[in-house]
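Read through the structure below, which is laid out as structure tokens, and then see the notes.
The values are calculated or read from the model by the stated rules, or taken from the named source; none is laboratory data. A quick note: this is a predicted structure, and the numbers were derived from the prediction, not measured. Don't worry about glycine lacking a Cβ; one is built from the backbone with ideal geometry, like all the others, and counts go over all protein chains shown. Just so you know, the surface numbers come from the protein's heavy atoms only, side chains and all, with ligands and any DNA or RNA stripped out. Shrake-Rupley method; radii C 1.70, N 1.55, O 1.52, S 1.80 Å.
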Amino acid sequence: MGTILGFSAVLMWAVLALLTARSGAVPPFQLAAMTFPVAALIGIVALKARGGSIAVFRQRRAVWILGVGGLFGYHALYFAALRNAPPAQAGLIAYLWPLLIVLGSAALPGERLRWFHVVGACLGLAGAALIVTGGGTLAFSQDHALGYGLAGLCALTWSSYSLLSRRFGDVPSDVVTGFCAVTAVLSLLAHLAFETTIWPQTAGEWTAVLLLGLLPVGGAFYVWDYGVKHGDIQVIGAASYAAPLLSTLVLIAAGEAALTGTIVTAAVLITLGAGLAALPLFRRLARRGDAAIR
């Protein structure tokens, strides 16, 4: 169940690009300041519905540093990287985090890194690279070294947040509500310091902002937290390379992009990579099936 919930976050992130494009010209930090309160509201409603207590937010300082650092740190570094490097190069470097999760999982208790995990993650990275570059070549200029470095820190931040969250497996995912609330405040302060306010202009743009807060910048963080704590983190990490592919397919379905041979090739690479990384899971399911038949 944890693995499935973890991958459901990837499915929600698939609509991130489309909803962001449909949200108008809202600056990045302002958009985060508008969507993360919606994300926090999801947690509050869920906590109240289950009769939970605010005592869940009384966690160790390390939990709060990790959670807020992961959510706000990732977004702040990503926005900064895009300002200091071309989007394609910065996006590709930032999207090293699934590979870092797979490789870093070897350091977690009870986990073992096997060849098919590494090969699967690398195939996924190759597929994601095709999506980001459109099958073309990337030129990395020394002039954008700062942006590349920020994108690398972005990847390191999200992978570290995901891996270290597993060490706090006893902390309920309800606490993500607090992470989202603090991230909303920090995003607002960053917006006031660095950006000019631009509000959505149409009902469609406001709807896109709301959906962002409900799905890719909201509900996704709760199921991701549960998934990396209780699921197969190596499978989740490798399968996360499906996000740019699924995002592109969503854009195609919405008429925002065209289907090309490059996208088909990327789909094959990412599917093969996820399948390789999930070999142990398939074997476990096969053994259960054999046992049930007997």
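Remarks
- Sole residue being buried (at least 22 other Cβ atoms within 10 Å of the Cβ), in contact with a Lys or Arg (Cβ under 7 Å, 6 or more places away or on another chain), closer than 26 Å to LEU113 by Cα and modelled with pLDDT of 85 or more, chosen from VAL223, VAL228, VAL235: VAL228
- The listed residues are ALA106, ALA85, and the only one of them that is at pLDDT below 95 and farther than 21 Å from VAL228 by Cα turns out to be ALA85.
- Residue count for the stretch 52-74 satisfying the condition of being under 28 Å from ALA17 (Cα atoms) and at pLDDT below 95: 0.
- Leading residue by the ranking (nearest to VAL26 (Cα to Cα)) among those in the stretch 160-176 that are open to solvent by less than 10 Å² (accessible area, probe 1.4 Å) and outside any loop (DSSP other than H, G, I, E, B): VAL176
- Qualifying residues in the stretch 211-220 (those that are farther than 24 Å from GLY275 by Cα and aliphatic (A, V, I, L, M)) - the one least open to solvent (accessible area, probe 1.4 Å): LEU212
- The lone criterion from (1) within 23 Å of the chain's Cα centre (by Cα); (2) of a type outside the set (Ser, Thr, Tyr); (3) loosely packed, with under 13 Cβ neighbours inside 10 Å; (4) under 22 Å from ALA90 (Cβ atoms) left unmet by LEU146 is number (3).
- Test for GLN59: is it polar (S, T, N, Q), over 24 Å from TRP13 (Cα atoms) and surrounded by fewer than 22 Cβ atoms within 10 Å (Cβ to Cβ): yes
- Among the conditions (1) free of Cβ contacts under 8 Å to residues at least 60 places away in the same chain; (2) open to solvent by less than 50 Å² (accessible area, probe 1.4 Å); (3) at positive phi, GLY135 misses just one, which is (1).
- Unique match (being at pLDDT 90 or above and either crowded, with 21+ Cβ neighbours inside 10 Å or of a type outside the set (A, V, I, L, M) (or both)) among ALA266, ALA254: ALA266
- The single condition among (1) assigned to a loop (DSSP other than H, G, I, E, B); (2) within 17 Å of the chain's Cα centre (by Cα) that GLN201 does not meet is (2).
- Residue within the stretch 63-75 that is open to solvent by 40 Å² or more (accessible area, probe 1.4 Å), free of Cβ contacts under 8 Å to residues at least 12 places away in the same chain and farther than 22 Å from PHE194 by Cβ present: yes
- Residue that is most open to solvent (accessible area, probe 1.4 Å), among those in the stretch 177-198 that are of a type in the set (Val, Ile, Thr) and within 22 Å of the chain's Cα centre (by Cα): VAL185
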